[in-house]
Amino acid sequence: MLVSVYRYNPETDDAPYMQDVHIDIPGGKDIMVLDLLQLLKEKDPTMTFRRSCREGVCGSDGMNMNGKNGLACITALSQVVEKDKLVLRPLPGLPVIRDLVVDMSQFYRQYEKVKPFLINDTPAPAIERLQSPEDRAELDGLYECILCACCSTACPSFWWNPDKFIGPSGLLQAYRFLADTRDTAREQRLAELDDPFSVFRCHGIMNCVNVCPKGLNPTKAIGKIRNLLLQRAT
Amino acid sequence: MVTSITSFGRSGLYDWMMQRVTAVVLMAYTLFMIGYLLFSSDLSYAQWTGLFQNTAMRIFTLLAILSLVAHAWIGLWSVSTDYIKQTGIRFVFQSVCGLLAFVYVVWGIQILWGV
């Protein structure tokens, strides 16, 4: 099969280019894209990409495969290869450090903005802050996010305003703490979000939902933040 | 919190709500107009001016004009902040949009109360 990979080494290349590599899959098996990248790296050790857990938990190997963002380690070739061809590019919109490795600083800065930790100004109980099973269930579909950046880098609003729009991933995390009954900072959190960019740059096109490798729904979480902002202001 | 002084209502929530409320007004006006034109096939000049001499119609039309201007401002402001990266050019674009919006309101009132 033909693999077309985005290559860029700022130390030697003037500009990024696409490198075409013909590769035979051993035994004609249906392997994961990450395994294919490993084969490419054996051929050319300068080939650079991030990877760690190889089972969709660490979120290191988010990349664009035949036009769709996803995790290389849990995406089988049969899911993405079309006409025996696979185009691999780094996550769109973020600065490229080298080959498939992107600089995630903008993404993390937005994550940092939503204060992704529990804030509770009441005295700490002796053992732990308890939640009812129902209250805990509110966090399902939110806490599972692994910050792979597949969603935010699939979002045009994040491409155009990565410094102002928090992005689907950050907003999913924002709602994760807004929905937590143990958190007492809801008012401050909402006050931080009530500007024309942070939340409201989302136009609900649901690219984030389409690509999330964990099957989460940031658009739904953003809708719930909007409802909280409405309740607070009316 | 991201600050912004050129958006319609400064607050994202306010802009979001205005965009929806004005859309409903524009929808109602459009449906009314389509209905009126469909059910009066042999429309005469007298009938058409008569419609706009009615105070209720003038109120409804002015409401639609103001809604259109607010809706356009919020929408074009979003487009300009997405696609025009240079602050100077963006500010000029937004100013032209603002001026045009104002001109259309005044012009619309003049036409509406001129019939």
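The table below gives the values:
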quantity	calculated
Test: residue in segment A:197-207 that is over 27 Å from A:ASN120 (Cα atoms), at pLDDT 95 or above and part of a helix (DSSP H, G or I)	yes
Given (1) within 13 Å of chain A (Cβ to nearest Cβ); (2) modelled with pLDDT of 95 or more; (3) more than 27 Å from A:ASN227 (Cβ to Cβ), index of the condition B:LYS85 fails	(2)
Within segment A:105-136, tally of residues that are touching a Gly at 6+ places or on another chain (Cβ under 9 Å) and part of a loop (DSSP other than H, G, I, E, B)	2
Residue list for segment B:80-101, restricted to those being surrounded by fewer than 13 Cβ atoms within 10 Å (Cβ to Cβ) and either aliphatic (A, V, I, L, M) or under 15 Å from the mean Cα position of the chain (by Cα) (or both)	B:ILE89, B:VAL96, B:LEU99
Matching residues, segment A:175-194, being over 17 Å from A:GLU144 (Cβ atoms), away from chain B (no Cβ under 13 Å) and part of a helix (DSSP H, G or I)	A:ARG186, A:GLU187
Residue check, A:PHE177 more than 28 Å from A:GLU55 (Cα to Cα) and surrounded by 13 or more Cβ atoms within 10 Å (Cβ to Cβ)	no
Counted residues, segment A:195-227 - those being within 10 Å of chain B (Cβ to nearest Cβ) and over 18 Å from A:PRO156 (Cα atoms)	2
Identity of the residue in segment A:145-173, among the small types (Gly, Ala, Ser) and closer than 17 Å to A:LYS214 by Cβ, that ends up farthest from the other protein chains (Cβ to nearest Cβ)	A:ALA149
Some residue of segment B:45-67 being at pLDDT 95 or above and within 30 Å of A:LEU193 (Cβ to Cβ)	yes
Verdict on B:SER7 being of a type in the set (Gly, Ala, Ser), assigned to a loop (DSSP other than H, G, I, E, B) and exposed (fewer than 15 other Cβ atoms within 10 Å of the Cβ)	no
Residue in segment B:10-48 that is surrounded by the fewest Cβ atoms within 10 Å (Cβ to Cβ), counting only those that are within 9 Å of another protein chain (Cβ to nearest Cβ) and either among the aliphatic types (A, V, I, L, M) or at positive phi (or both)	B:ARG10
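This table checks each residue for (1) part of a helix (DSSP H, G or I); (2) in contact with a Leu (Cβ under 8 Å, 6 or more places away or on another chain).
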| residue | (1), (2) |
| --- | --- |
| B:GLN19 | yes, no |
| B:LEU62 | yes, yes |
| B:ILE89 | yes, no |
| B:VAL96 | yes, no |
| B:VAL115 | no, no |
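The values are calculated or read from the model by the stated rules, or taken from the named source; none is laboratory data. All values derive from a computational prediction rather than experimental measurement. For neighbour counting, all protein chains shown are included, and Cβ atoms are generated from backbone atoms with ideal geometry for every residue, glycine included.
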